[in-house]
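Input: a single structure, listed below in structure tokens.
The values are calculated or read from the model by the stated rules, or taken from the named source; none is laboratory data. Quick caveat: nothing in here was measured; it's all calculated off a predicted structure. Cβ sites come from the backbone with ideal geometry, for glycine too, and all protein chains shown count toward neighbours. Side chains are part of the model used for accessible areas, which takes the heavy atoms of the whole protein and leaves out ligands, DNA and RNA. Shrake-Rupley method; radii C 1.70, N 1.55, O 1.52, S 1.80 Å.
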Amino acid sequence: MQIGIIGMKFTGKTTLFNAITGADQPTGQGGVEPHRAVGKIPDQRLERLTEMFKPKRTVHAAVEWVDIPGFAGGTGPDGGREAVRFLEHGRKVDALAQVVRCFDGGYGAPDPQGELESMALELILTDLQVVENRLEKLAKDKARMGKVANPLEPPCFERLKQQLENDRPLRELELNPDEQKIVSGFAFLTLKPLMVVLNHAEGEPPAPELVAAAEAVGAEVVALCASMEEELAQLAPEEAREFLADLGIAEPALVRMIHAAYGALNLQSFFTVGPDECRAWTVRKGATAPEAAGVIHSDLQRGFIRAEVTAYDDLITSGSLAAAKAANLVRLEGKAYQVHDGDIIEIRFSV
Ligand SMILES: Nc1nc2c(ncn2[C@@H]2O[C@H](COP(=O)(O)OP(=O)(O)OP(=O)(O)O)[C@@H](O)[C@H]2O)c(=O)[nH]1
Ligand SMILES: [Mg+2]
């Protein structure tokens, strides 16, 4: 799973990327190539499980982050829209996070509302270009062969075109299964989940009107101060805890941001536990027990017999797996079981 960080120039994307992934990319200097790094999904439940099982190792769930260079808007030196080149990188990711500058930082008065509008427009224009190219190709096919390969395609793309020309993202359209199949190969930007990160100066959270404007655009909205989050991420865990306690904050905004991104991707975690390893695994919401088994190993899915499932809270209140079992809180689940966030799972299988 990949999340692309997008935004105008100097909004703090690379600063945020460094904070999330522990990378050390230079900030304040732009660039034209994206940065990539894996960032683990912080999970206090996994830490609790580690205390309980004292395993040899603990493995977090993780996603890949792509720091996509910012653009200034308008046309670039080659006369083409600068955004197009950079947003091209956004096609390959599963979700987008737009960073918006709410701090001055020597870059001039911030214009967060303007950034939200410009980005929305750039994403729409980039998709519209793809739709228009496709319609042209279909028209050519029709002229050459008297028909198109899939007669459902032209009306589908006309529908997409109309939506985009009305300045609305494609994700707001209800697509029927045929249409979903047609659009699936085109990696449209405005079909991807989008979250908004309002990057503000330390101690200056955004006004409610701005949060509301961001909510109108994005699935999830998180306000944070990226430069502070980056400093915080570099502290030792104990120091970080003290620092947050002094501010009266339970959890860094960065953690909320990562969790929001995970949620926007429609993902959840389940756990495997034991003396060797405690581990968080990623599955989409609604995944079945055999699908979860397949995330661990394809043999476990192929030879799936049943899953022994304990809810995280049940394990914690019981104090141990043995106690949970004695209290009948370890359930035997079959192939149709849908995994819940935080389930502790042991797969029984035979191959
Ligand atoms: N005051 C303040 N400055 C920040 C914050 N986040 C980033 N900056 C500063 O803003 C400048 C730009 O940050 P970058 O992270 O390089 O911005 P970017 O979005 O990656 O920029 P491009 O890659 O050029 O698009 C740097 O000098 C950062 O130190 C913040 O939350 N508050
Ligand atoms: Mg950058």
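Just one of the numbered conditions (1) in contact with a Cys (Cβ under 9 Å, 6 or more places away or on another chain); (2) modelled with pLDDT under 95 is not true of Thr272; which one?
Of (1) in contact with a Cys (Cβ under 9 Å, 6 or more places away or on another chain); (2) modelled with pLDDT under 95, only one is false for Thr272: (2).
Find the strands (runs of 3 or more DSSP E) located wholly in segment 242-351 whose residues include 1 or more that are open to solvent by less than 30 Å² (accessible area, probe 1.4 Å), and list them.
267-272, 277-284, 304-310, 344-349
Which of (1) within 22 Å of Ile20 (Cα to Cα); (2) basic (Lys, Arg); (3) at pLDDT below 95 does Arg101 not meet, given it meets every other one?
Among (1) within 22 Å of Ile20 (Cα to Cα); (2) basic (Lys, Arg); (3) at pLDDT below 95, the lone unmet condition for Arg101 is (3).
For segment 6-22, what are the residues that are open to solvent by 20 Å² or more (accessible area, probe 1.4 Å), out of contact with any Ser or Thr (no Cβ under 8 Å at 6 or more places or on another chain) and within 9 Å of ligand 1 (Cβ to nearest atom)?
Result: Lys9, Phe10.
Hey, any hits in segment 102-122 for a residue that's in contact (Cβ under 8 Å) with a residue 24 or more places away in the chain and at positive phi?
Yes, because at least one residue in segment 102-122 is in contact (Cβ under 8 Å) with a residue 24 or more places away in the chain and at positive phi.
Taking the condition of a type in the set (Phe, Trp, Tyr), closer than 20 Å to Asp94 by Cβ and in contact (Cβ under 8 Å) with a residue 12 or more places away in the chain, does Phe157 pass?
no
Could you look through segment 145-184, keep only residues that are aliphatic (A, V, I, L, M) and more than 27 Å from the chain's Cα centre (by Cα), and pick out the one that is surrounded by the most Cβ atoms within 10 Å (Cβ to Cβ)?
Taking the candidates together, the pick is Val148.
Taking the condition of being open to solvent by 30 Å² or more (accessible area, probe 1.4 Å), within 15 Å of ligand 1 (Cβ to nearest atom) and touching a residue at least 24 places away in the same chain (Cβ under 8 Å), how many residues in segment 23-51 meet it?
The total comes to 7.
Out of all the residues in segment 118-144, which are under 16 Å from Leu96 (Cβ atoms) and open to solvent by 60 Å² or more (accessible area, probe 1.4 Å)?
Once the filter is applied, which keeps residues that are under 16 Å from Leu96 (Cβ atoms) and open to solvent by 60 Å² or more (accessible area, probe 1.4 Å), segment 118-144 yields Leu121, Leu125.
How many of the residues making up segment 204-222 are open to solvent by 70 Å² or more (accessible area, probe 1.4 Å) and either of a type outside the set (Asp, Glu) or farther than 17 Å from Glu115 by Cα (or both)?
Of the residues in segment 204-222, 5 are open to solvent by 70 Å² or more (accessible area, probe 1.4 Å) and either of a type outside the set (Asp, Glu) or farther than 17 Å from Glu115 by Cα (or both).
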